[in-house]
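**Q** I have a structure here, written as structure tokens, and I will follow up with some questions on it.
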Amino acid sequence: MRYNNNRNYNNNSNYTSSNDKPKAGLTVEVRNGDFTKALRIFKKKVQEAGIIQEVRERQHYVKPSEVRKKAKAAGRKRWLKKMEKLEGAMPMDVKRNRRKF
């Protein structure tokens with residue numbers, strides 16, 4: 001077995017100071033003191049990255065069966081919405097003769 005003889009564990013040779021480290025995560029630069037615009041841009045970036053959705057999903061455990069149930073319900077809702085949209089484009093005669101499920 002080999003041991004690490006390097007005793008200087010905290011020395012990170014890649015950076016000379018804390019100011020040289022690259023910025024991690026989402027960042028937005030505030031220009032000309034326009035904080036509201038920077039906040040809008042930041043919120044858009046967070047929304048696109050899906051961070052809020054992930055946090056909400058991780059707040060509590062959801063059983064796999066519940067996940068499948070929700071996904072199936074969402075698919076059915078999308079399908080019904082699509083069928084409703086198609087029925088709106090159909091002539092009245094076709095609508096009357098359709099079978100109801």
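None of the figures in this text is laboratory data; all of them are computed from the coordinates on show. Predicted, not measured: the structure shown is a model, and the values here were computed from it. Note that each Cβ is placed from the backbone with ideal geometry, even for glycine, and that neighbours are counted across all protein chains shown.
**Q** Send over the per residue convex hull volume for the stretch 21-97, Cα only, as a whole number of Å³.
**A** Roughly 187 Å³ of hull volume per residue.
**Q** Quick one: net charge of ILE51's neighbours, Cβ under 15 Å, K/R +1, D/E -1?
**A** Residues near ILE51 contribute +2 overall.
**Q** Moving on to the next point. Could you list, in their original order, any pairs among LYS44/LYS81; LYS44/LYS72; LYS37/LYS85; LYS37/LYS70; LYS44/LYS82; LYS43/LYS70 whose Cα atoms are separated by more than 31 Å?
**A** Exceeds cut-off: LYS37/LYS85; LYS37/LYS70.
**Q** Could you tally the net charge around LYS37, taking each other residue with its Cβ under 15 Å from the Cβ of LYS37, Lys/Arg +1 and Asp/Glu -1?
**A** Neighbour charge sum, excluding LYS37 itself: +3.
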